[in-house]
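Here is the structure we will look at.
The values are calculated or read from the model by the stated rules, or taken from the named source; none is laboratory data. Since we're looking at a predicted model, the values are computed, not measured. Counting neighbours? That spans all protein chains shown, and the Cβs are built from the backbone with ideal geometry, glycine included.
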Amino acid sequence: MATLTERARKLLEGRNYAFLAVEDEGPHVSPVWVHTDGRHVLVNTAVGRVKERAMQEGSPVALSVSPSDDPYEHVDIRGRVVRRVEGDEAVEHINELARKYRGADSVFTLKAGERRVKVWIEPTVVA
């Protein structure tokens, strides 16, 4: 496991988007809300999406995160999925991310039948 640098932690804790790359019958990249617990990169998605299907435990992923005002100043993180959880914890996590990105009073609106997944990514390379 690689250690998140201070710069990487600041970018992950800030209101910055990351671009997540996964492998699913070919490369797939999508913007995601991100956060960190200090050791892992945390993302959230819905069951059935390409990135969710590709992010099973042990799956390799890559992320690039940059300050919202300077996309050329970025940190790249490669790693692997080490944990996934659904249910109340995943819903609370997407609401935490909504408050981070949309404001303190924001609540994420789930679509009918939508199931959320919280994903922990263990970094192996931080550059």
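Taking only region 45-69 into account, find how many residues are of a type in the set (S, T, N, Q) and either in contact with a Leu (Cβ under 6 Å, 6 or more places away or on another chain) or modelled with pLDDT under 95 (or both).
Final tally of qualifying residues: 1.
So LYS111 ticks every box in (1) in contact with a helix residue (DSSP H, G or I) (Cβ under 7 Å, 6 or more places away or on another chain); (2) exposed (fewer than 14 other Cβ atoms within 10 Å of the Cβ) but one. Which box is left unticked?
All conditions are met except number (1).
Checking the condition loosely packed, with under 12 Cβ neighbours inside 10 Å and among the aromatic types (Phe, Trp, Tyr), which residue from TYR101, TYR72 passes?
When all the criteria are applied, what remains is TYR72.
Could you pull out the residue among VAL50, VAL81, VAL61, VAL32 that is touching a residue at least 60 places away in the same chain (Cβ under 8 Å) and of a type in the set (A, V, I, L, M)?
Checking each option against the conditions leaves just VAL61.
Looking at region 1-14, I want the residues that are at pLDDT 95 or above and have a partner that is among the polar types (S, T, N, Q) and not in a loop (DSSP other than H, G, I, E, B) with Cβ atoms under 6 Å, at least 6 apart or on another chain. Which pairs are those?
ALA2/THR124; ARG9/THR36; LEU12/THR36
Of everything in region 1-42 that's touching a strand residue (DSSP E or B) at 6+ places or on another chain (Cβ under 6 Å) and aromatic (Phe, Trp, Tyr), which residue is farthest from ARG102 (Cα to Cα)?
PHE19
Out of curiosity, is PRO67 closer than 26 Å to GLU23 by Cα, touching a helix residue (DSSP H, G or I) at 6+ places or on another chain (Cβ under 7 Å) and surrounded by fewer than 18 Cβ atoms within 10 Å (Cβ to Cβ)?
For PRO67, the condition - closer than 26 Å to GLU23 by Cα, touching a helix residue (DSSP H, G or I) at 6+ places or on another chain (Cβ under 7 Å) and surrounded by fewer than 18 Cβ atoms within 10 Å (Cβ to Cβ) - is met.
Assess whether VAL22 counts as being among the hydrophobic types (A, V, I, L, M, F, W, C), closer than 14 Å to VAL117 by Cβ and surrounded by 15 or more Cβ atoms within 10 Å (Cβ to Cβ).
yes
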